[in-house]
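Working notes, structure below.
Only the coordinates and a few stated rules stand behind these numbers; no lab work does. All figures in this text were calculated on a predicted structure; none of them were measured in a lab. With ideal geometry, Cβ positions are generated from the backbone for all residues, glycine too; neighbour counts draw on all protein chains shown.
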Amino acid sequence: MRKLFVLCVVALVALLSAAAPASATHKFTCDSEETGVTVRDVFVPPDGACTLVDSVVTGKVHVSRNAFFQADGTEIAGKVRADRSLTVFLNTGTTVGGSVKTYKTTQVFVFNAAVRGDLDVDRTAEVVQVCGTTIERGDLEVERSGTDLLIGDPLAQDCAGNTVARGDIEIERNFTDVEFVVRGNTVGDDLEVNRNSGPVEKFVQDNTGGDELECERNEEPFTASGNTGFRDKDGQCEEILTCTEEVTGATVDEVIVPADGACTLIGSTVTGDVHVASNAFFQADNSQIGGNVRGNQALTVFLNTGTSVGRSVKLDGTAQVFVFNAVVGRDLDVEETTEVVQVCGTTVEHGDLEVERSGTDLLIGDPLAQDCAGNTVARGDIEIERNFTDVEFVVRGNTVGDDLEVNRNSGPVEKFVQDNTGGDELECERNEAPFTASGNTGFREIEDQCVEPPAI
């Protein structure tokens, strides 16, 4: 474990003459170590060194050129300002009622403190370390600084992540050649890590967000991983898995299955989309996909038991499609599948289930078959149209909130539309014989081939 470095000024402070604490109603020029004092405004003079321990500042703190200021367990009601200072060190238990702004300060340390407003560090020359600190109503900004930058790191000794409750963390245009770590922080709004340079590896890891994670134009080497909870991720912080093997327990933003590749996800989470390329195989078992699943001329797409897709599934020209006991948030759209489409025990929550121009084995629910319960399309249609089948054609045991449309399907195999339950219209037109429809109930209207002849 690496130790956090703080400029040693103990000897310097010991040599300085002690100044008597001022009344709480007057400005206090601090050039010594003071314990348990209550003062109004604190002024650290040029080249001075001031340490406040267990004290109260009812106003603000100003740190002058080349001056050192440290607060341990101290309450500062107003703001802290430093201009071309040597060091600002807000240590454990210190609170700042206003904002903290440092400009061209050589070293800035904020450990286990609380700042009500912004914490703004600009053009620090040597080191910025912020650990275990809470920013209550502002942003944490570090810009144009270096060369050692540590914004939370639970992997380092005594450096917990920070919490920015109602603002952003912005780490931009810094140069680092010692370390660059942004790790373990919780941010209410955005985390922006942009245009940082320098030879050291830059880590943005294990942060938890509320809105956007943006990482753009950072110089390599750059590593982003384990960042969760963000509504959106952009640029270098989007974790893309190029998957060509079996993967268990992964959490990534996007999955790409390359041409001719084979990918199986087991118990994994994809916060964004899955793209399956030509002649590729993709299977998801008990996995959560937050975005879309797209397949274009793929070999196989298999969404297996326990898998959920937050948005839509759209597959074009895929040879084989299997969707068993899954949940799809929006449309499940299968077109021009060449071999088999089997959809069993699946719920489509807010879209349609469409199978068009496909074949040659089509099974859309069949409680009479082994392990193929009917499907539920809660707020949309089931549309089975213009397919050719010579193995099987079964649409059985499904529940549909709106329409069930089975039209213009061909092929020599018998076509069954049976025991489906609907909300609105059941339409069956221009399907090639043999065609059997029976036991379909609950529809407001039944038309054409799905009208059962009256019992004799």
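Counting lysine pairs in the chain whose alpha carbons fall under 16 angstrom apart, excluding pairs fewer than 8 residues apart on the same chain, gives 5.
Its Cα centre serving as origin, the stretch 10-235 has a Cβ charge dipole (Lys and Arg +1, Asp and Glu -1) of approximately 840 debye. Can you give me the distance in nm between label points at THR269 and ASP316, each placed 7 Å from the Cα along the Cα-to-Cβ direction? Each label point lies 7 Å from its Cα, and together they span 3.2 nm. Farthest towards the positive end of the charge dipole of the stretch 10-235, among the residues ALA224, LEU150, THR105, is the Cα of THR105, using unit charges on the Cβ of Lys, Arg, Asp and Glu.
Taking the Cα centre of the stretch 352-410 as origin and charging only Cβ (+1 Lys, Arg; -1 Asp, Glu), how large is the dipole, in debye to the nearest 20?
My answer is approximately 80 debye.
Projected label points at GLN157 and THR244, each 7 Å from Cα along the beta carbon direction, are separated by 4.3 nanometres. Placing +1 on the Cβ of every Lys and Arg and -1 on the Cβ of every Asp and Glu, with nothing else charged, gives the stretch 240-448 a dipole about its Cα centre of roughly 460 debye. The helix-only estimate of mean residue ellipticity at 222 nm for the chain, built from DSSP H runs of length n ≥ 4 each weighted as -39500 (n - 2.57), is -500 deg cm²/dmol after division by the residue total. When Rg and Dmax are taken over the Cα atoms of the chain, they come to 32.2, 114 Å. Counting only Cα atoms, the stretch 230-374 measures 47, 28, 24 Å along its principal axes, largest extent leading.
The relative contact order of the chain comes to 5 percent, based on Cα pairs under 8 Å that sit 6 or more residues apart.
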